[in-house]
C-alpha cells in the first residue's frame with residue numbers, strides 16, 4: 001500500500017468486521033440487532049465513504065488541471081482583467097507558458113490585448129467583467145472623450 005491512510009482504513013474495517021464476527025458468535029446475533037449496533041455500523045460506513053470521497057478530491061494534483069483553466073480561474077477572480085505577472089504570481093507556471101497561453105486565448109478571440117498608457121499589457125476578458133467595472137470603464141471613456149474634445 002502506498003498511502004498510510006488507506007492502510008489505516010483497511011485496518012479499521014478489518015477490526016470492525018472481526019469485532020462484529022466475535023459479537024455475532026458470542027451472542028448468536030442478538031447484540032447486532034440492537035439499535036446502538038445498527039447506528040454504529042451506519043456511522044462507520046458513512047464516515048469511511050465520506051473520508052474516501054474527500055481524500056479522492058484532495059488527492060487530485062493541481063498540475064492535472066489544464067493551464068487554460070487555471071488561468072481562467074485567475075481571470076475570474078480578477079474580474080476580467082489580468083496581466084502575465086498576476087498569473088505568474090498566483091501559479092507555478094513559467095513565463096513562457098503563461099504568455100503563450102494568453103496569446104493563444106487572444107488569437108482565439110476569448111480576450112483582447114490592451115496596452116495601457118504606461119505600456120503594460122493587460123488581457124481583457126469581457127465575459128468575466130462585473131457590472132461595477134463596466135460602469136467605471138464607461139465613465140472613464142466619457143471623461144476621456146470630453147478631454148479630447150477640449
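Each residue in the range 112-126 was checked for being touching a helix residue (DSSP H, G or I) at 6+ places or on another chain (Cβ under 6 Å) and surrounded by fewer than 16 Cβ atoms within 10 Å (Cβ to Cβ), and 1 pass. Listed here are the helices (runs of 4 or more DSSP H) enclosed by the range 1-82 that have at least 1 residues being closer than 30 Å to residue 110 by Cα and at pLDDT 75 or above: 67-77. Restricting attention to the range 88-111, the residues being touching a helix residue (DSSP H, G or I) at 6+ places or on another chain (Cβ under 7 Å) and exposed (fewer than 13 other Cβ atoms within 10 Å of the Cβ) number 1.
The values are calculated or read from the model by the stated rules, or taken from the named source; none is laboratory data. Predicted model, so just to flag it, every value in this text is computed and none were measured. Counting neighbours? That spans all protein chains shown, and the Cβs are built from the backbone with ideal geometry, glycine included.
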